[in-house]
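Report on the structure given below.
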Amino acid sequence: MWTELTATPLFGVTLTLVAYMLAQVLYKRLGSVWANPVLVSIASIILVLKLGDIEYRNYAHGGDLILFLLGPSVVALAVPLYQRRLQLWKRKLPILVGIFAGALASILSACGLAWILGGSREVVLSLAPKSVTTPIAISIVEKIGGVPPLTAALVVMTGCIGAVCGPEFCRMIGVTSPVASGLAVGTAAHGIGTARMLEVDRLAGAVAGLAIGLNGLMTTFLLPILMSVTQF
């Protein structure tokens, strides 16, 4: 009975929603970036699967339905972007240069480190789009020969780290401009980082939302070029 229940898509959807709702309550009460709802939800779901001896593929039947909603959720970020379009247009050149530099640095640092440490070609390619939002990252990896599940995990991990550490790191090094901090976190930590920046500052969140789309676009064009001129 338990095995049949956990094998249905309803189980994965329910577990994900309940875990996230409880994580949101915890986050509001603690007010700590370390209690990031996404991070807490992931840890909670892993714990439930382990304790309940539930196979991941059973959970994924419902989890994949949640994954489908990532695309529409990214599109929804266009709302704060539209509201501050005039402010962003005035800074179009620095924004484009910053996102290009961030996309290039993200690919080279991740792939280069994995290559130096002896990672296989599949692992190196799976790391390449780690700073791109999940739907785009998975599409890229499927085309270049990486491992989509590994990429999905790395993308979420990158987003969680960026959301937890990004804003504080920017303040630590003296970056006070909401445009600069939003650009940095959005380029490096995609949707999860953007959600965090929207809590910090609406303008920073709008810039981060713009960075998600442009970083995905630039990464899509940069990767084939880098693959043709490197050993990746």
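What residue, among those in the stretch 14-23 that are over 20 Å from the mean Cα position of the chain (by Cα) and touching a residue at least 24 places away in the same chain (Cβ under 8 Å), is nearest to residue 159 (Cα to Cα)?
Out of the qualifying residues, it is 15.
A quick yes/no check of all residues on (1) farther than 23 Å from residue 15 by Cβ; (2) under 16 Å from the mean Cα position of the chain (by Cα); (3) surrounded by 12 or more Cβ atoms within 10 Å (Cβ to Cβ); (4) of a type in the set (Ser, Thr, Tyr):
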{"site": "30", "(1), (2), (3), (4)": "no, no, no, no"}
{"site": "34", "(1), (2), (3), (4)": "no, no, no, no"}
{"site": "45", "(1), (2), (3), (4)": "no, no, yes, no"}
{"site": "54", "(1), (2), (3), (4)": "no, no, yes, no"}
{"site": "77", "(1), (2), (3), (4)": "yes, yes, yes, no"}
{"site": "96", "(1), (2), (3), (4)": "yes, no, yes, no"}
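Could you grab the pairs with beta carbons closer than 9 Å, sequence gap of 6+ or different chains, first residue in the stretch 24-35 and assigned by TED's automatic domain parsing to the domain that holds residue 169, second one part of a helix (DSSP H, G or I)?
none
Give me a count of the residues in the stretch 1-45 that are of a type in the set (Val, Ile, Thr) and within 20 Å of residue 191 (Cβ to Cβ).
7
Out of 182, 186, 159, 174, report the one residue that is within 18 Å of residue 127 (Cβ to Cβ), out of contact with any Leu (no Cβ under 6 Å at 6 or more places or on another chain) and modelled with pLDDT of 85 or more.
The conditions single out 159.
Under 8 Å by Cβ, and 6 or more places apart or on different chains, what pairs join a residue from the stretch 44-59 that is within 18 Å of residue 22 (Cβ to Cβ) with one that is aromatic (Phe, Trp, Tyr) and in a helix (DSSP H, G or I)?
Here the result reads 45/59; 49/56; 49/59; 52/2; 59/11, each pair linking the stretch 44-59 to a residue that is aromatic (Phe, Trp, Tyr) and in a helix (DSSP H, G or I).
Kindly indicate the residue of the stretch 170-184 that is among the aliphatic types (A, V, I, L, M) and over 19 Å from residue 209 (Cα atoms) and also surrounded by the most Cβ atoms within 10 Å (Cβ to Cβ) among those meeting that condition.
Ranking the qualifying residues of the stretch 170-184, first place goes to 172.
Scanning the stretch 192-215 for residues that are closer than 27 Å to residue 121 by Cα and touching a Ser or Thr at 6+ places or on another chain (Cβ under 6 Å), which turns out modelled with the highest pLDDT?
Top of the filtered list is 215.
The values are calculated or read from the model by the stated rules, or taken from the named source; none is laboratory data. Since we're looking at a predicted model, the values are computed, not measured. A quick note on method: Cβ atoms are made from the backbone with ideal geometry, for glycine too, and the neighbour counts reach across all protein chains shown.
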